[in-house]
1. Please report the antiparallel percentage of the DSSP beta bridges confined to the chain, to the nearest 5.
2. Dipole of the chain (Lys/Arg Cβ +1, Asp/Glu Cβ -1, origin at the Cα centre): which of Gln95, Val169, Ala54 lies farthest to the positive side?
3. Neighbouring Cβ atoms within 10 Å as the yardstick, rank Met84, Met97 fewest first.
4. With a ≥ b ≥ c taken as the square roots of the eigenvalues of the C-alpha gyration tensor of the stretch 14-123, please select rounded if a/c is under 1.5 and otherwise prolate if a/b is larger than b/c or oblate if it is not?
5. At a 10 Å Cβ-Cβ cut-off, how would you order Thr121, Thr159, Thr150, Thr69, fewest neighbours first?
6. Considering Cα pairs under 8 angstrom that are at least six residues apart, work out the relative contact order of the stretch 1-101 and quote it in whole percent.
7. Within the stretch 30-173, how many Lys pairs sit with Cα atoms under 26 Å apart, leaving out pairs fewer than 8 places apart on the same chain?
Amino acid sequence: MSPRLQEKYQNEILPALVEELGRENRLALPRLEKIVVNMGVGKATQEKKLLEFAVDALTQISGQKPIITKSRKSVAGFRLRDGMAIGCKVTLRRQRMYEFLDRLVAVAIPRVRDFRGLSRTAFDGRGNYSLGLSEQLVFPELNPDKFTVTQGMNITFVTSVDSDDEARVLLSLFGMPLKQETSEGEDAAA
């Protein structure tokens, strides 16, 4: 059985994109290609256990085992050597990507304290959107008694289009709570 958001994309979002963008060819319409979730654990240079906690948390959140990211340079000020394990990341595609997006939009983001909407300007100029969460405990699958150390994460949505505006339309149709534009065209200040 396919995920709820994947069916919504096929049945509701694609027809809405055809109408909005004026393209009949389904392959020319924007689509979500992958979601990359990254946890940088800078304190892992002193405490190796923190990296294990981050890997365990990311495994529970994403549903697949993350890879360990290693440093590329030695930085004496941070007590960092070349090749040290300093984080973990996971790349989600297909069903797992849609399931993660569904949980992120429906469950995790509404649990963020003092939430006023996601920035409309966090695009990279090539249609990819990035956001950061300051703590992993907004995901209900994590047990707060086990994960006592607060750990943030970066989430990147990679789309198939090069236009930020088309990617913004796609993500808003998926239900991403982007801030509303003001009359000057800037983000709404709350």
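1. Counting DSSP beta bridges with both partners in the chain, the antiparallel share is about 95 percent.
2. Positive-end residue among those listed: Ala54.
3. Starting with the residue having the fewest Cβ neighbours, the order is Met84, Met97.
4. Because a/c hits 1.5 or more and a/b exceeds b/c, the stretch 14-123 counts as prolate.
5. Lowest to highest Cβ neighbour count: Thr150, Thr121, Thr69, Thr159.
6. So the answer I get is 33 percent.
7. Summing the qualifying lysine pairs gives 25.
No lab work stands behind these numbers, since they all come straight from the coordinates. As the structure is a computational prediction, the values presented were derived from the model and not from experiment. Because the Cβ atoms are built from the backbone with ideal geometry, glycine has one as well, and the counts that use them run over all protein chains shown.
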